[in-house]
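Asks: I am attaching a structure below and will ask some questions about it afterwards.
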Amino acid sequence: MSEVIAAAPEGVDLGALMARVAEGDCTAFAQLYDATSRAAFGLALRVTNSHHLAEEVVQEVFLQVWKDAASFDLAKGRPKSWILMLTHRRAVDCVRAVRAATDRDLADGARVAATPGADIIDELHLRRQVDELRLHMSTLSEAQQQVLALAYFSGHTQAEIAAMMGQPLGTIKSRMRDAITRLRKATPASAA
């Protein structure tokens, strides 16, 4: 016995749609989605207070509806109520996950902030590495320095560099490979 839900648009029989979805009917699933997704999205939006999270929740809920439609029992409740219950649970889980991630980030930030001099030590270490890299870069040929600068500091591809320099692509690749090899040999500590 299927039940017509008054809240369903244009007298859509959600029970019959759910039964067809359980049989793998994609058209019925689309109709069920059209009839219930606005209510599910509204609920998810109220719980998560985020348009993006609400969209994710609704997507996950309808994926679950598609997978678990056969386990739905019309004698135990209405399809729309079941979908909204799934939406509420998923939205609450989503909010809890976001809060937990925020709490972890805050705790990590507090831990870093509580470490005296951590930022200064990190900055000094980075400056030393940059100074070493500059020193080793100066030992490379001008062509090798130019290729590395265009690739790593300007973000160009090897093909773009070849076109810019009017050189064959193989030459650019060789220069880059040789330059990187020389830098690795010169800075064994940073390669580890």
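Asks: Based on the alpha-carbon gyration tensor of segment 40-181 and its eigenvalue square roots a ≥ b ≥ c, which shape applies: rounded if a/c is under 1.5, prolate if not and a/b is larger than b/c, or oblate?
Replies: Values: a/c = 5.09, a/b = 2.08, b/c = 2.45.
Judged from the Cα gyration tensor, segment 40-181 comes out oblate (a/c at least 1.5, b/c at or above a/b).
Asks: Same structure, new question: Cα gyration tensor of segment 39-78, axes a ≥ b ≥ c as square roots of the eigenvalues: rounded (a/c below 1.5), prolate (a/b > b/c) or oblate? Write down the numbers at each step before the final one.
Replies: Values: a/c = 4.51, a/b = 1.96, b/c = 2.30.
The shape class here is oblate.
Asks: Between Ser71 and Asp108, take the C-beta separation as r, use R0 = 30 Å, and let me know the FRET efficiency to the nearest 0.05. Let's see the in-between values first.
Replies: On the way: r = 40 Å, r/R0 = 1.35.
The computed FRET efficiency comes out at 0.15.
Asks: So which aspartates and glutamates can Lys185 reach, going by Cα to Cα under 15 Å and dropping same-chain residues fewer than 8 places off?
Replies: Leaving aside aspartates and glutamates fewer than 8 places away in the same chain, those within reach of Lys185 are Glu132.
Asks: Here is a further query. Using the Cα centre of the chain as origin and beta-carbon charges of +1 (Lys, Arg) and -1 (Asp, Glu), tell me which of Val57, Met137, Cys94 is placed farthest towards the positive end of the dipole.
Replies: Met137
Asks: Would you please put 151-163, 32-44 in order of how densely packed they are, using the mean number of other Cβ atoms within 10 angstrom per residue and starting with the highest?
Replies: Working: 151-163: 13.8, 32-44: 19.8.
Going by the mean number of other Cβ atoms within 10 Å, highest first, we get 32-44, 151-163.
Asks: Something else about it: May I ask you to compute the full-extension gain from Arg134 to Ser154, defined as 0.36 nm times their residue separation minus their alpha-carbon distance, rounded to one decimal in nm?
Replies: Details: separation 20, 0.36 × 20 = 7.20 nm, distance 1.65 nm.
Stretched out fully, the Arg134 to Ser154 stretch lengthens by 5.5 nm.
Asks: What distance in nm lies between label points placed 7 Å from Cα along the C-beta direction at Lys185 and Thr27?
Replies: In this crude label model, Lys185 to Thr27 measures out at 7.2 nm.
Asks: Let me ask you something else. Using a Cα-Cα cut-off of under 28 Å, which lysines could be cross-linked to Lys80, ignoring same-chain neighbours fewer than 8 residues away?
Replies: Lys80 reaches Lys67.
Asks: Whenever you get a sec, line up Lys173, Lys76 from highest to lowest accessible area (probe 1.4 Å, protein heavy atoms).
Replies: Working: Lys173 95, Lys76 175 Å².
Result of the area sort, largest leading: Lys76, Lys173.
The values are calculated or read from the model by the stated rules, or taken from the named source; none is laboratory data. Keep in mind it's a predicted model, so treat the numbers as computed, not measured. FYI the Cβ positions are ideal-geometry reconstructions off the backbone, even for glycines, and counts take in every protein chain you see. Surface areas here come from the heavy atoms of the whole protein model, side chains and all, with no ligands, DNA or RNA. Shrake-Rupley method; radii C 1.70, N 1.55, O 1.52, S 1.80 Å.
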